[in-house]
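Take a look at the structure below.
The values are calculated or read from the model by the stated rules, or taken from the named source; none is laboratory data. Note that this is a predicted model, so its numbers are computed, not measured. Backbone-built Cβ (ideal geometry, glycine too); neighbour counts: all protein chains shown. Areas reflect the complete protein model, heavy atoms only, side chains present, ligands, DNA and RNA absent. Shrake-Rupley method; radii C 1.70, N 1.55, O 1.52, S 1.80 Å.
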Amino acid sequence: MLVPSVLAGVASTLLTGCGFGFGGWADSGPEVVVGMSDDVLATDPASGYDPGSWLLFNNVFQSLLSFPNGGTEPRPEAAESCAFTDSRARIYRCTLKDGLKFSNGDPMTAEDVKFSFDRMRKINDASGPAVMFQTLDMVETPNEKTVVFRLKVSDATFPSKIASGAGSIVNHRSYDLDELRDDGGAVGSGPYTLESFDRNEAVFAVNENYKGTAEVKNSGIRLKFFHADRSALKQAVLDGGVDVAYRGLSARDIAAIEEQGYKEGVEVVEGDSAEVQHLVFDMDDPVAGRLGVRRAVAHLIDREALIKEVHRDTAIPLYSIVPAGIGGHNTSFFDRYGARPSKSAAKAALRAEGITDKVELTLWSTPSRYGPATDQELAAIADQLNASGLFDAEMKSVPFDQYEKDILAGRYGVYVKGWVPDYPDADNFTAPFFGEGNVLGNHYTNRDITDSLLPSTAAAGDRTSTVREFGRIQDIVAEEVPVLPVWQGKQYAVVREGVHGTNYCLDASTVFRFWELGKE
């Protein structure tokens, strides 16, 4: 997802399995109040493709599979079992559990699963997840408990795709096949029901009909929206207006709370993240389209300084397009360009291109979509380039709606993009950027990647067998520099005293698990 940054604040991560067969609502504790700066842009899974909406989907709807705490391999959720039934990874069969029900008491059957995928693809909303299922040809239902997905091409990542928020199953009796639901309501079979939803908050109650792997540790969740007002979110958690501050606090806020939090009765919890940020180069631009310019920028960027001075150690340097912690990650940019700036290497790259004058370059930014420090970061990168004496660079920032239009129109030579993965596999950090019709809009194509390497990795059911191919993709990108990786995020939650479970609520799967939150 090309979405708002979670570097600027979210929740902590990490490990352990959870759950038993039928929820845990009978022994749930008090309601927990969560605050975040993001909005929920959709309550209908055929439309939402943003972190706020997927947070809602992952808690109100079930998918056939889900990601366990700290894990990147999908496991059965609404399904009893799922597997490819052919050697080419083109036929995927799932058998549903017995006794599944939606929150309104209606039974969930294979008909609902087929309806959900057919509907999402038919509506094909521009702000929806249908783009993730371009490999899906048709969905069949041999009986009420069996679903068969037939794919156009091999796609071993299909299980991860249906385990994400994009795989949410809706009640075919409560949704129209041709139109989005626009009343703010939702009928799912997940651990929670959506009791109410408006501009300021969403209220979630425990779904007593839920049958799945989650064990609920609260009596409900009240999610308050702060609409990018980071100061208000910070004050709310310090004052006790929210129990958990999730998504939206700046690096400066996190540092200040870490220093004073013990006096305020709050704690900062830190974890890992697979969120990344890149500089993107338009290959058709007369300046950024020149390889020597791109390589010179790669030789001059000082990630360590950016992390320390701009992001206050709330991120780590990123030296490849696949982040650390994701299978197939390597350090191709570190290996080729090193960790420290090199003016001599940058100068040599420009001279090899026949460039002897200072390079005039504008770095385009947008102020908040990819984190509150984005403008500051790109201004710092411009300063780094200018300090070499080889560039005359500046940063310009525009509102996000205009920013996206200008990128599509090819008006920017260098611009910033952030990415939060849809699913934790190297495919999701490569295919969207370098496959056919890439989402970056930078006119980059490499036929080895699109015609050979990506299809080969997509067909590999054993994901550990793809390391060589993904390594080659990363090496090609480091050589040609259509993008320049900058940082990989950490994740944070600010939590009131007596609240527990945030360390199980968000990891590389991007699933924020309401049911893990409890309060004394």
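Things to note:
- Solvent-accessible surface of protein heavy atoms, probed at 1.4 angstrom with all chains present, puts Glu80, Glu404 in the order Glu80, Glu404, largest first.
- Entries of Lys161/Lys417; Lys211/Lys490; Lys161/Lys490; Lys114/Lys152; Lys358/Lys396 with Cα pairs more than 25 Å apart: Lys211/Lys490
- For the chain: relative contact order, % (alpha-carbon pairs under 8 angstrom, 6 or more apart): 25
- Over all other residues within a Cβ to Cβ distance under 10 Å of Tyr492, the charged ones net out to -1, with Lys and Arg as +1 and Asp and Glu as -1.
- Each Lys or Arg adds one and each Asp or Glu takes one away; over the other residues whose Cβ falls under 11 Å from the Cβ of Lys234, this sums to -2.
- Taking every C-alpha pair closer than 8 Å and separated by at least 6 residues, the mean separation divided by the residue count of the range 151-276 gives a relative contact order of 12 percent.
- Evaluating 6.51 cos²θ - 1.76 cosθ + 1.60 at θ = phi - 60° for every residue in the range 278-287, the Karplus couplings come out as 10, 7, 10, 10, 6, 5, 8, 6, x, 9 Hz, glycine and proline recorded as x.
- The GluC sites (Glu not before Pro) of the range 103-184 that meet both conditions, a loop assignment by DSSP and at most 13 other Cβ atoms within 10 Å of the site Cβ, are Glu144, Glu179.
- Residue-averaged [θ]222 nm for the chain, counting only DSSP H segments that reach four residues, each worth -39500 (n - 2.57): -7500 deg cm²/dmol
- The range 343-385: trypsin sites (Lys or Arg not before Pro) falling in loop per DSSP and having at most 16 other Cβ within 10 Å: Lys358
- Distant-in-sequence amide contacts of Lys358, defined by a placed amide H-H separation under 5 Å and a gap of 5 or more residues or a different chain, comprise nothing.
- The residue list Ser116, Ala345, Ser160 was ranked by how far each Cα lies along the charge dipole of the chain toward its positive end, using unit charges on Cβ atoms, and Ala345 comes out on top.
- When a 1.4 Å probe is rolled over the protein heavy atoms, the share of accessible surface on the range 102-141 that falls to carbon and sulfur comes to 45 percent.
- A simple rule links phi to the HN-Hα coupling: the Karplus curve 6.51 cos²θ - 1.76 cosθ + 1.60 with θ = phi - 60°, which for the range 481-492 gives 6, x, 9, 10, x, 10, 9, 10, x, 9, 10, 9 Hz, with x for Gly and Pro.
- Dimensions of the range 271-347 from C-alpha coordinates, computed as largest minus smallest value along each principal axis and given longest first, are 41, 25, 21 Å.
- For the range 168-252, trypsin sites (Lys or Arg not before Pro) are listed when DSSP marks them as loop and at most 16 other Cβ atoms sit within 10 Å of their Cβ; the list is Arg173, Arg199.
- Mean projected area in nm² (Cα convex hull; one quarter of hull surface) for the chain: 22.3
- Counted by Cβ distance under 10 Å from Asn442, the other residues give a net charge of -2, where Lys and Arg count +1 and Asp and Glu count -1.
- The portion of the accessible surface of the range 350-498 made up by carbon and sulfur, rounded to a whole percent, is 46 (1.4 Å probe; DNA, RNA and ligands excluded).
- Charges were assigned to the Cβ only: +1 to each Lys and Arg, -1 to each Asp and Glu. The resulting dipole of the chain about its Cα centre is roughly 900 debye.
- Dipole-positive endmost among Gly99, Leu306, Val499 within the chain (Cβ charges, Cα centre): Leu306
- Selection from Gly35, Phe226, Cys82 lying farthest towards where the dipole of the chain points positive, charges on Cβ: Cys82
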